[in-house]
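Colleague: Sending over a structure as structure tokens; questions will come in a sec.
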Amino acid sequence: MPKYLKMEPIATGRGIVNRDLAVKKGTLMKRFIFYAFIFFVLGLGGCTGGGSETAVSEANPTPATMPTAAPTDTPEMTGAENCPTTQPPESPFVPPEPYPETAPSGGFWYGTNELWTDLRTGGIWYGLPKTDTGYGNKIALWHEGYSQTEEPQPEITLSAQQLDGEAAVEPIVYGTNAYHPDYGQFMMTGITLPALGCWEISAEYKEATLSFIVWVAP
């Protein structure tokens, strides 16, 4: 139990009030405001779409939720066999230290030291949140030496082209920061694809480019 100094009663317009009670009320109010702020910050972190990571506070990094690999009971995807999804290369990309050699949730690292991401082994995105504009997913990107303090809003350019149709996503510039105790500081961005199917997604950061192909299913 908290300890409080015993104080003499004080007079108010409504009679006698114990200073001890006043101090307790003031302390409880400060705690209420503090915890309300914490829940507010956590609420902001959880407002992003499904599939990948969450943005974090730049001053006090909060662990982000990493992407998850597709479940082993992935439903049959008609047409997916005709989509040349990006698969693990014969010579796996291993990020430089201090980043871990293994990608999260059974996926694989893909890219170069200048720009890399983690991809699902099956190459399929499904169960994405759908809005009036399409299917959205978050994308985590790493760059050797990236600092969320020095660059809280990195300029990442994303674009996409449907390979089995004519839809496209014109280049957009958007980026924020994230942190995970196992995977360090990294960049977070996202894209909304207007249709299902086979998509080539391209990212640009500084002078580095990265492209990969995924099959997007319901």
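Bear in mind these aren't lab numbers, they're just calculated from the coordinates by the rules spelled out. Note that this is a predicted model, so its numbers are computed, not measured. Cβ coordinates were reconstructed from backbone atoms using ideal geometry, including for glycine residues, and neighbour counts include every protein chain displayed.
Colleague: Quick one: which residues, 5 or more positions from C198 or on another chain, have an amide H under 5 Å from its amide H? H modelled 1.01 Å from N in the peptide plane, none for Pro or chain starts.
Modeller: Placed amide hydrogens put L163, D164, V216 under 5 Å from C198.
Colleague: Positive end of the dipole of the range 132-179, charges at C-beta (+1 Lys, Arg; -1 Asp, Glu), about the Cα centre: which of Y135, L158, P171 has its Cα farthest in that direction?
Modeller: Highest projection toward the positive end goes to Y135.
Colleague: Ok, one more. Multiplying the sequence separation of T133 and Q153 by 0.36 nm and subtracting their Cα-Cα distance, what value in nm do you get?
Modeller: Difference between extended and current length: 4.8 nm.
Colleague: Something else now. Along Cα→Cβ, 7 Å out, is where each label goes; now give me the distance between the ones at A168 and T102 in nm to one decimal.
Modeller: Here the modelled spin labels are 4.1 nm apart.
Colleague: May I pose another question? Given just the C-alpha atoms of the range 138-215, how large is their convex hull per residue in cubic angstrom?
Modeller: 92
Colleague: Rank these for me by crowding, F108, F93, F186, going from fewest to most other beta carbons within 10 Å.
Modeller: So the ranking, lowest neighbour count to highest, is F93, F108, F186.
Colleague: Which value results when the Cα radius of gyration for the range 80-217 is divided by 2.2 N^0.38 Å?
Modeller: 1.02
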